[in-house]
Amino acid sequence: MSLLSFPTSCAAPAAKPEGPVRAVPLLVASLLAAVLTIYVWASFGAKSGVLLAIGFGLGLALFHSRFGFTSAWRQLIAVGNGQGLRAHTVLLGTAATLIALIISTGSGLFGSVPKATGGPIGLALFVGAVLFAIGMQLGGACASGTLFAVGSGQSTIVLTLGGFIAGSILYTWAFPLFNGWPSLPGVLLADHVGWFGSWLITIAVLVGIVFVTRVVQARRNPPPADVVPTAHGIARVFRGSWPALAGAVVLGVLAAAVFLVSGGIWGVTFAFALWGAKLLQLFGLHPEAWEFWQNPANAKALAASIWVDKTSLTNIGIMIGAAIAAAAAGAWKIHSQIPWRTALAAVLGGVLMGVGARLANGCNIGAYLGGISVGSLHGWLWGVFALGGTWIGLRLRPLFGLENPKPSDSVC
């Protein structure tokens, strides 16, 4: 058997055709995208406008490829299907390659200077990654998944987003309790072996992961991953669904674009803390007095408009881009009935992700994708501890009536 074959217990089902285009949601989302782009570009400059546009692209790619972090880890741990994790390696490899090239030039767009830093390694990183992964499995989505699911009309994930923001508020309010946990300085591979050496090590590890998942999958012979309805021919570009590997490449390119335009890695979760603080201010409260928001960089972000915050711009773009993609695919739909245990899990999962992301100084995007793509050791460690948290989360899911994949399933 070829080392590049990935056996499953049965063949994946044939994809069904997509439903008709949801014209009204598509029109509303497209108009919102156009109006918001004009407003942001005119009022806050080209840099903000481009970041918003990149967010639209991220939302389109995330939805059309149904690119999953939560499901990928769940399928790997529960039944040994590594298809999702292999898509991660393509995303990580694409982003790492392009970011290494960008950094080697020493300059970005709009006056930005691309800079890579190694995230601190310590207790907060480990605990935060575990909490975040547990939250993913209970909430049903990761950080990027929460955004594109909300944009596509998934009502349950709106509760996850609410919990995410609440957890972020909780962390910033209780920041003195979380600050100062033991840690070591970050390790950036490029500081020791140069950017080419860093890239080479990253690619070698990613290739190794592909072969390890092949060995695991061959031994466990899991069910195949489920498929979603798809268009055919050229329409597939605009209506989906995209192959996961194609989505991985597009997302990797767009992650590098964020780095080129802003000078920093693509992130998601800081915006939730920022939105929560601004919401509290609307109700007359004063989070700006909290220690977390006394940090000069955080205070500057809180005092400024969200339309100059790169994370807010891409987050909002993702939700709108996903709405356009879902409507074009005939999949945009609001679900009005949510079982109470599912709703409870969504909120609790969101809270855990909000706290965990701030503890670990990032999520599946900012820590895992961002860290690994710039050659920071903390990104790899985040992934390892997130796998451990996934194992815990899978054992908690049945308490909330949530199912896990089983080896006897026809799809996972």
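The values are calculated or read from the model by the stated rules, or taken from the named source; none is laboratory data. None of the values given here were measured: they were computed from a predicted structure. Neighbour counts are summed over all protein chains in view; Cβ atoms, including those assigned to glycine, are modelled from backbone coordinates with ideal geometry. The area values use the complete protein model at the heavy-atom level, side chains included, leaving out ligands, DNA and RNA. Shrake-Rupley method; radii C 1.70, N 1.55, O 1.52, S 1.80 Å.
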Could you list, ordered by first residue, the pairs with Cβ atoms under 9 Å in which the first is in the range 130-154 and without any contact (Cβ under 8 Å) to a residue 12 or more places away in the chain and among the polar types (S, T, N, Q) and the second is part of a helix (DSSP H, G or I) and surrounded by fewer than 24 Cβ atoms within 10 Å (Cβ to Cβ), at least 6 apart or interchain? none
Matching entry among 256, 248 (being closer than 22 Å to residue 329 by Cα and open to solvent by less than 10 Å² (accessible area, probe 1.4 Å)): 248
Conditions first: (1) open to solvent by less than 20 Å² (accessible area, probe 1.4 Å); (2) under 30 Å from residue 235 (Cβ atoms). Residue 73 passes all but one, so which condition is the exception? (2)
Any chance you could count how many residues in the range 236-245 are under 14 Å from residue 330 (Cα atoms) and open to solvent by less than 40 Å² (accessible area, probe 1.4 Å)? 2
Need the failing condition index for residue 98 against (1) in contact with an Asp or Glu (Cβ under 8 Å, 6 or more places away or on another chain); (2) open to solvent by 20 Å² or more (accessible area, probe 1.4 Å); (3) closer than 30 Å to residue 217 by Cβ, just the number. (1)
Looking only at the range 8-23, decide whether some residue is touching a Phe, Trp or Tyr at 6+ places or on another chain (Cβ under 9 Å), part of a helix (DSSP H, G or I) and surrounded by 15 or more Cβ atoms within 10 Å (Cβ to Cβ). no
Kindly indicate whether any position in the range 321-341 is under 15 Å from the mean Cα position of the chain (by Cα) and either closer than 27 Å to residue 259 by Cβ or open to solvent by 30 Å² or more (accessible area, probe 1.4 Å) (or both). yes
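Here's the yes/no breakdown for (1) part of a loop (DSSP other than H, G, I, E, B); (2) within 24 Å of residue 33 (Cβ to Cβ); (3) of a type outside the set (A, V, I, L, M, F, W, C):
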site: 281; (1), (2), (3): no, no, yes
site: 321; (1), (2), (3): no, yes, yes
site: 325; (1), (2), (3): no, yes, no
site: 355; (1), (2), (3): no, no, no
Take the residues in the range 101-119 that are under 18 Å from residue 369 (Cβ atoms) and in a loop (DSSP other than H, G, I, E, B), then tell me which one is most open to solvent (accessible area, probe 1.4 Å). 115
